[in-house]
Each structure stands twice: as structure tokens, then as C-alpha cells.
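Structure provided below as C-alpha cells; questions to follow.
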């Protein structure tokens, strides 16, 4: 469905992405993990065609995004940015209905279809009854859910999420990723929480310094060795007693075995 | 802040009725007494929709040849400036933006002064032509400074507008001082403050198609403009080509403002005040905000001009003085009443 291949991108003289690739098919949830500054957001932005890669190609449904109009891309692909905010006084409803922008022409009013999509999206994100609440009075988690609702009314085939569980408490984190899975879209989510990635993703792509260092199902990728390599953190990987998915617990360095730090990078 | 949700067309309809009513009633006000009904009769006569024999030719001439062209132009200028202001505020994400932000009024003033005081091309261009060219040349300089690649950065555009505007204003003062002709200086002053005196139907015939077309383009872009609320990148993720949208809207507003300034002088405060007032009535959705801004601007300027030509009869106050005297306190009140910064 979406394939970003061999993406290279540099900004301000620094190489941010160095031949990174990610691809996702319909109904699959791919987790993009990696330390801060590893290029997760940049790779998502290149895959969404919001940033033009220096080299590499992005194919959406078999078509090169460079040859597509923005509107055509937006009808198929929704991108939920991290921490998006606005100075404009908007209600939840206004924010969510912005998702209909690529589907409507100039002078065309909101249709009954738009309003029913709005109602469904609000319900799925637990925001029913909040549609007239001001965006500025929402908590971080509610904003995140409103942004997901906006992506839903956009009716995309591909959903790109940058840290979607940021600002959410544990119940809402689980709820949101359950929701994302149930949509059965082609989804790529940049995630910080390795346990969430392990619990929900079909496939994990690990980025480090702009390169993909591992790709595969969570049990194959999320090993103590990889976590040590990529994050420089000691971890014990077990198996969740109910789901059978990997679970990761970290060992604080102060209690650790006195690792050498010299020459570490 | 979001009244008018259920029946979004109501504010626009009320505005339209009030705007047309204002044109009729304001055309009845003046030194010689004419009733609104007489104005209505003259309009019907002239449009060939009915014939009222009881309207005297003199009254006909006063209403149709003197007052109506002026009130209609006031409505057109008010509508155009208010929409240009609302659009500039959205495009630059700056609540203080107004139609003159891109150096347009200072450029127009410089162009007008070059023709008026220096007498350059006075025969071929006229003061209005000079003003129009001045406005567009200033706009050209602002864009040349602000553009990088194909992109226009909103903040840089605002700063470039300030720079070009300052240069134009300085040159205008220099020319006026050097030329030092008291009569011309007075004429320049009037022009700088804005005045609708001496309007003919010919002016309306220039303004009307430009305002209708440009306001139409802006309203057509309203949905895309809404999508820019969360920033450019987010708007692009929603399928909006933000670079193209900015170009279309800036050029449209520059053209419209250039034409209006060349006809009426630089009337201040309409483009700043009315979009904020309209926002309080219909909220932030540009699809509703732009039409209502247009109508509010039309109504406001029709009445401001009526005050300008009647308050100190037989002398005229420049209409820009009235809009500033009424507009600035109203603006201050408006800001106080808002919970959040615009």
C-alpha cells in the first residue's frame, strides 16, 4: 500500500535519513521505533510526501507520490503530527471536519455524509458530546484523540501516526492502539514505548542514526541485544503471560553490573 | 464565539439586507432633503423597473448622479478592504494584518504624489492610475524581498511590507516637502487620508467587477484557508497546496486593494476592524467569515462616509479620519471583550 524505499534526506548539512525504508500493507500496523533523533519523524514526513527526500522513492498504491497532487495524496493518506496546535479559536467539531478538506471542492458546503462521518469519528474516539468544546480547553490526550478523529473522517487507506500515545494515560494508550488496529488501515506509527510496540504491532522497524537496523515481527526484533545496541540500555525481554507478546523491562544503570561507559556512543 | 451555526446563511442574509438598505437610506441623507422612498423611486426609475412621475429631475440628479455613485463606491470599497483584511490576517497568521500590509497604501500614495505633485504622466495616467501602479510596484518589491524559491514566508512578508512601506512614505514626504506647493499638499493630505468625494458611476464601474471577482476568489479559497489553522505543514497533509494558495490570495488582495486605493485613497481601519467584528458574530470559519466581513465592511463604510460628508457641512471630513475616530475605540473595546488573543 505504502512503500518508502531508500530514503535519504539531510537538513542543515546533517544527514538525517541515510537510505531508510519502511513499507506497510492494508490491515497491518507497523511500529517505527528508535532513539530520539534517529529519524522517525523525518521518515514519516518523507513517507507522507510532506518533506521531499533527497533520494529514494515513495510509492502510494503503486503510484509515485512525486507525480501526485497534494489533494490526491490527502484522500488516501492521513498524517497525524505530534503536538499540533493552533492559535485559532476552534471547536472540536471544526478540527475534526478539517479532515474533509481533500474531499470537498471550493464553495461546496458540508454534506450529510461529512456530518455522519463526524459523528462516527467522535464516537470511535470517545469524544461524543464534546463537539462544541473549544480546542484550547482540551487536555493533551483529548487533543490527540480529536486529531485521530480528524484522520478518520479523512477516510484514508494509509494512516501515519507520529507518537500517537504521547500525552495519553495508560488506559487511553491501550484504547487508542486498539482503535488504530481495529481500523484495519495500512498504518505506520512512530512509538517510544517498546512494550506498546511489542503488544500491538504486526511488524517493527528499528531506526538508528537514520538507518534501518532491524525489521520484522516483534519477537524477532525486540531482543535484549538489539535494545542494548540501539538504545544502550540493559533490558530483560520476557513473554507476556496472556498475549504471548514480548515484554521488556529495563535495568537502571545505577543498579547495573557497572558497564563501561568509556568510548560509548 | 460560534453563533450562527444552525442557520449559517442568516447572518449573511441579514447583512445583505442591511447593506442594500444602508445604500438607499444613506443616499437620502444630505443637504437637500430627500426621503428614502424617493431614493427607491429613483433607483426603480433608472433601472427601468417602474416609472414614478412624481420624482423631480433635480432630485433625480442629486440622488442618482451625486449621492448614489458615492454610497455604492463606499459599499464596494468597504467590502473589498474588509475581505482583504480578513484574508491577510489568515494568510500571514497575524491578527494585526490589514490590506495595506504589503506596502500597498504607501506605494499608492507615492504613485499618486508623483503624478499630482511632480506632474509625471498626469495626462495619460491620472492620479488614480499613478496610485494603482505605485501600489503594484510596492507589492512587487515586497514579494521580491520576501520570496525564497517559490515560497513566501508569512513573517518575512510582513517585515518586507513594513520596509517597503517606510521607504515609500519617506519618498512621499520628500517629494511633498521639496515641491512645497500648499494647494497640492492639501490635495495629497486628502488623498492620503482617503476620500470618496467626487465619485462618479465610472468609478463604480471600475470597482464593482474587481471587487466581485476578487471577493469571489477569496471565498472560493475559504475552505483551504481554514485548513491552515494548524500551520502550513498540516494544511499540506490535508491536501492544500499552501504555496499556491498564498500566491493566489496575496495577488488577488493586492490587485483589489490597488484598485480600491487608486479610487478612494488609503482608507484605514476598515480592513483591520471589520474582520474582527465579523469573527465575533459568525466565528472563525472563513466560509462564513469572508461574506459577512464583506457585508459588514460595506455597511460600515457607507455610514462612515455619510458622516464624513454631512457632519461638518458644507466642509467634508476625509473619510479615513471618520473610520479611525470610530474604528479605533471600537477596536479597543472589541479586543477587551475577547477572551483570547485573536
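Just so you know, all these numbers are worked out from the coordinates, no wet-lab data involved. This is a predicted model, so every value here is computed, not measured. With ideal geometry, Cβ positions are generated from the backbone for all residues, glycine too; neighbour counts draw on all protein chains shown.
Express the C-alpha Rg of region A:68-139 as a ratio against the empirical globular expectation 2.2 N^0.38 Å, rounded to two decimals. Write down the numbers at each step before the final one.
On the way: Rg = 13.1 Å, N = 72, 2.2 N^0.38 = 11.2 Å.
Region A:68-139 yields a ratio of 1.17.
Let me ask something additional. Classify region B:229-314: rounded, prolate or oblate, from the alpha-carbon gyration tensor (a ≥ b ≥ c, eigenvalue square roots; a/c under 1.5 rounded; otherwise prolate if a/b is larger than b/c)? Working shown, then result.
Numbers: a/c = 3.93, a/b = 1.90, b/c = 2.07.
Judged from the Cα gyration tensor, region B:229-314 comes out oblate (a/c at least 1.5, b/c at or above a/b).
Which peptide among B:216-222, A:84-90 comes first, and what is the full order, when sorted by highest mean count of other Cβ atoms within 10 Å? Kindly include the intermediate steps, with their values, before the conclusion.
Details: B:216-222: 20.3, A:84-90: 18.0.
Ranking, from highest mean packing down: B:216-222, A:84-90.
Would you mind ranking A:9, B:9 so that the residue whose beta carbon has the fewest other beta carbons within 10 Å leads the list? List each step's numbers first, then the result.
Numbers: A:9 21, B:9 12.
In order of increasing Cβ crowding within 10 Å: B:9, A:9.
On to the next question. Taking each residue in B:279-287, count the Cβ atoms of any other chain within 10 Å of its Cβ, then average. What number comes out?
Details: counts 1, 0, 0, 0, 4, 6, 5, 0, 5.
Whole-number average of other-chain Cβ neighbours for B:279-287 is 2.
Calculate, in whole percent, how much of the Cα-Cα pair population of region A:160-226 lies beyond 15 Å.
On the way: 1164 of 2211 pairs.
Percent of Cα pairs beyond 15 Å in region A:160-226: 53.
Taking the highest mean first, how do the peptides B:138-149, B:96-107 order by number of other beta carbon atoms within 10 angstrom per residue?
Details: B:138-149: 17.7, B:96-107: 27.5.
Listed from highest to lowest mean packing, they are B:96-107, B:138-149.
Express the Stokes-Einstein translational diffusion coefficient of the protein assembly as shown in µm² s⁻¹, to the nearest whole number, given a Kirkwood radius over alpha-carbon pairs, 10 °C and a viscosity of 1.306 mPa s.
Values: Rh = 27.4 Å.
The diffusion coefficient I find is 58 µm²/s.
Express in % the proportion of alpha carbon pairs of region B:1-136 at distances exceeding 25 Å. Could you put the intermediate results ahead of the total?
Working: 4848 of 9180 pairs.
Cα-Cα pairs of region B:1-136 separated by over 25 Å account for 53 percent.
Computed over the Cα atoms, what is the radius of gyration of region A:108-177 divided by 2.2 N^0.38 Å, N being its residue count?
Details: Rg = 12.5 Å, N = 70, 2.2 N^0.38 = 11.1 Å.
The value comes to 1.13.
Hey, could you pull the Cα Rg and Dmax for chain A, both in Å?
According to the Cα coordinates of chain A, Rg and Dmax are 19.4, 67 Å.
Taking the highest mean first, how do the peptides A:193-203, B:153-163, A:232-242, A:58-68 order by number of other beta carbon atoms within 10 angstrom per residue?
Those peptides, ordered most packed to least, come out A:193-203, B:153-163, A:58-68, A:232-242.
Here is a further query. Taking the alpha-carbon set of chain B, what are its Rg and Dmax in Å?
20.3, 65
If you take each beta carbon of peptide B:215-227 and count the beta carbons of other chains within 10 angstrom, what is the mean?
Working: counts 0, 2, 1, 0, 2, 3, 1, 2, 10, 3, 0, 6, 6.
The per-residue average across the peptide is 3.
Taking each residue in A:105-113, count the Cβ atoms of any other chain within 10 Å of its Cβ, then average. What number comes out?
Numbers: counts 2, 9, 6, 2, 4, 4, 0, 0, 0.
For peptide A:105-113, the averaged partner shielding equals 3.
Hey, another quick one. How would you classify region B:243-293 from its alpha-carbon gyration tensor, with a ≥ b ≥ c the square roots of the eigenvalues: rounded for a/c under 1.5, else prolate if a/b is greater than b/c, otherwise oblate? Mind showing how you got there, number by number?
On the way: a/c = 2.86, a/b = 1.22, b/c = 2.34.
Since a/c reaches 1.5 but b/c is at least a/b, the shape of region B:243-293 is classed as oblate.
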